[in-house]
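Each remark here refers to the structure printed beneath this line.
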Amino acid sequence: MVVRGKRLLVTVPELKKASVELSAKDEELRMQDAIKVWTKLEIFAVGNEVEGIKAGDIAYIQTYALESAERIEIDGVIKLLIPEQAVAIIY
């Protein structure tokens, strides 16, 4: 797999299973609430034009980018595709 351009794939923390089955709309709302509190996310992969960030780095990513990110499933795990400039802090 090669990520192209100034993009990053970020690993989404696993959400605890809800005790009741939720509709797709409710699952989406739950994800949106979780995004607001994520402060340290792992960089899964970096684009071929990204500098200064590498896979495995832990980063703070601006909330707007997480909310509008494309979701991609890789090996059964959801990853978010975000622009490089959304990374505000690397820990």
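Points worth noting:
- Residue that is farthest from V12 (Cα to Cα), among those in the stretch 46-72 that are among the aliphatic types (A, V, I, L, M) and more than 11 Å from the chain's Cα centre (by Cα): V50
- Total residues in the stretch 58-72 satisfying the condition of being surrounded by fewer than 16 Cβ atoms within 10 Å (Cβ to Cβ) and out of contact with any Lys or Arg (no Cβ under 7 Å at 6 or more places or on another chain): the figure is 6.
- Only one of D75, D26 that is of a type in the set (D, E), surrounded by 12 or more Cβ atoms within 10 Å (Cβ to Cβ), over 12 Å from the mean Cα position of the chain (by Cα) and modelled with pLDDT under 95: D26
- All conditions but one from (1) at pLDDT 90 or above; (2) more than 17 Å from I78 (Cβ to Cβ); (3) among the hydrophobic types (A, V, I, L, M, F, W, C) apply to V20; the one that does not is (1).
- Those residues of the stretch 33-45 which are surrounded by 11 or more Cβ atoms within 10 Å (Cβ to Cβ) and either over 13 Å from the mean Cα position of the chain (by Cα) or not in a loop (DSSP other than H, G, I, E, B) (or both), in sequence order: A34, I35, L41, E42, I43, F44, A45
- Residues satisfying the stated conditions in the stretch 46-81, i.e. β-branched (V, I, T) and not in a helix (DSSP H, G or I): V46, V50, I53, I58, I61, I72, I74, V77, I78
- Being out of contact with any helix residue (DSSP H, G or I) (no Cβ under 8 Å at 6 or more places or on another chain) and within 10 Å of V87 (Cβ to Cβ) is not true of I61.
The values are calculated or read from the model by the stated rules, or taken from the named source; none is laboratory data. Please read all numbers here as calculations on a predicted model, not as lab measurements. Counting neighbours? That spans all protein chains shown, and the Cβs are built from the backbone with ideal geometry, glycine included.
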